[in-house]
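First up is the structure itself, then whatever we jot down about it.
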Amino acid sequence: REHFDLILMDMQMPVMSGYEAVRLLREQEIAVPVIAITAHALVADREKCLAAGCTDYLSKPVKFDVLYEMVQRYLPARAMLQLNHN
């Protein structure tokens with residue numbers, strides 16, 4: 001019901017994995033940027049997150065400056081999309 005500009009998705013959630021959650025979002029045509037956050041740090045893990053529908057990927061432990069830069073990268077793009085639709 002609420003609008004979100006960005007989603008930080010924990011990929012290893014207990015009830016529904018982040019992979020399942022982002023697939024459901026994309027099936028519902030929700031185009032909000034999703035940044036995967038996971039302790040799995042291999043290239044194959046990044047590819048798995050992107051294949052599931054995530055926009056980008058961060059491995060734990062997350063460094064604040066890297067998270068900050070990534071959020072800045074996606075929030076302006078989302079704001080521009082909203083301005084163009086109004």
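The values are calculated or read from the model by the stated rules, or taken from the named source; none is laboratory data. These numbers come from a predicted model, not from an experiment. SASA here: full protein model, heavy atoms, side chains in, ligands and nucleic acids out. Shrake-Rupley method; radii C 1.70, N 1.55, O 1.52, S 1.80 Å.
A few points about this structure:
- Relative contact order (percent, whole number), region 1-74, Cα cutoff 8 Å, 6+ residue spacing: 31 percent
- Amide H contacts under 5 Å for Y57: A36, restricted to partners 5 or more places along the chain or on a different chain, H placed in the peptide plane at 1.01 Å from N.
- The P(r) of the chain has a tail past 18 Å containing 44 percent of all C-alpha pairs.
- For the chain, complete DSSP H runs whose alpha carbons reach 24 Å or more along their own long axis and whose mean Kyte-Doolittle score is -1.0 or higher are 64-85.
- Just the protein heavy atoms count here, and of the accessible area of region 1-82 at 1.4 Å, carbon and sulfur take up 60 percent.
- Solvent-accessible surface of the chain, averaged per residue with a 1.4 angstrom probe and all protein chains in place: 70 square angstrom.
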